[in-house]
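The values are calculated or read from the model by the stated rules, or taken from the named source; none is laboratory data. Bear in mind the structure is a predicted one, so any value in this text is a computation, not a measurement. Cβ sites come from the backbone with ideal geometry, for glycine too, and all protein chains shown count toward neighbours.
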Amino acid sequence: MHNLKELLNYHADLKNCDENLLANADPLQVARVYKEPVICLICALFAYGNANLIIKFLNSLNFELLNESESEILKFYSSYKYRFQSISDVAQIFITMKRLKNSYSIEELVSDGLKSGGSIEFGIKNLIDKIYLLNPYRSDGYEFFYSKSFEKAPKSPYKRYNMYLRWMVRNSDIDLGIFKSIPKSMLLMPLDVHTQRVSRALGLLKRKSYDFKAVLELTKNLQKFDPDDPIKYDFALYRLGQSGEIKEILKNL
């Protein structure tokens with residue numbers, strides 16, 4: 001376990017830097033240009049699929065329209081679609097985000113949910129619940145984009161929301177540190193296929209299912225190495241899987 005901690009700290013220090021962030025496509029590259037909570041949320045929630053295509057799509061969006069009328073949004077996004085989101089979905093997503101920007105502070109929504117529920121997933125729940133109240137529009141693509149809420153406990157890993165909160169809360173190396181009221185010790189792992197595979201290979205995760213229980217298990221194990229900032233290992237674990245470096249590391253363990 002001691003050697004594993006050294007390994008993780010080494011790669012966290014090595015990979016949590018601008019050089020590594022810019023080495024391969026990552027939606028945080030676009031979010032860092034704007035450093036605005038709603039725009040960053042758009043970047044995070046569109047972050048599924050091929051990373052290069054994500055960046056290409058995000059760079060094609062007109063975020064200035066969040067300050068314009070809804071009719072201007074509908075006019076501009078009359079031909080945009082992205083994977084599971086139809087033309088109507090993309091336009092309505094932007095209308096909802098405009099309303100979110102004008103109605104709430106995302107930081108306050110997450111912080112209020114965290115305080116009332118006792119853990120960060122309730123902050124995510126409060127944000128999702130408020131988002132769905134802003135617009136009656138519904139479709140499979142729209143609901144995939146925003147994710148479903150939950151009653152007592154989530155089943156979804158909420159990867160994109162946890163990634164967003166990593167960006168917004170952590171105030172060191174590559175992340176933005178915009179949200180000051182949420183402790184980084186409360187963050188959860190943004191689990192994806194790369195981090196899941198690498199974490200299981202390193203013995204950090206035993207659960208095979210890709211779900212919220214796996215997120216809790218992995219986060220709990222990373223807290224043993226750094227209880228104040230367990231998610232600092234996220235980007236390193238992701239890059240180890242994405243680059244294939246993990247294969248060489250496992251040979252030497």
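A few remarks follow.
- Helices (runs of 4 or more DSSP H) (entirely within region 91-204) containing at least 1 residues that are touching a Pro at 6+ places or on another chain (Cβ under 8 Å), under 16 Å from V215 (Cα atoms) and at pLDDT below 95: none
- Hey, L216 in contact (Cβ under 8 Å) with a residue 24 or more places away in the chain, surrounded by fewer than 22 Cβ atoms within 10 Å (Cβ to Cβ) and assigned to a helix (DSSP H, G or I) or not: yes
- Residue, modelled with the lowest pLDDT, within region 10-44, restricted to residues that are among the acidic types (D, E) and surrounded by 14 or more Cβ atoms within 10 Å (Cβ to Cβ): D26
- Selection from region 156-201 of residues that are touching a residue at least 60 places away in the same chain (Cβ under 8 Å) and of a type in the set (F, W, Y): Y161, Y164, W167, F179
- The one condition in (1) surrounded by fewer than 16 Cβ atoms within 10 Å (Cβ to Cβ); (2) more than 22 Å from V30 (Cα to Cα) that N62 fails to fulfil: (2)
- Tally, over region 81-90, of residues that are at pLDDT 95 or above, more than 14 Å from S71 (Cα to Cα) and hydroxyl-bearing (S, T, Y): 1
- Qualifying residue in region 80-88 (condition: assigned to a strand (DSSP E or B) and either surrounded by 17 or more Cβ atoms within 10 Å (Cβ to Cβ) or of a type outside the set (V, I, T) (or both)): yes
- Unmet criterion (only one of (1) over 21 Å from N3 (Cβ atoms); (2) in contact (Cβ under 8 Å) with a residue 24 or more places away in the chain) for S209: (2)
- Check on N126, farther than 21 Å from F46 by Cβ and polar (S, T, N, Q): yes
- Candidate set: region 21-39, residues that are free of Cβ contacts under 8 Å to residues at least 40 places away in the same chain, assigned to a helix (DSSP H, G or I) and under 15 Å from the mean Cα position of the chain (by Cα); chosen: the one nearest to L100 (Cα to Cα): I39
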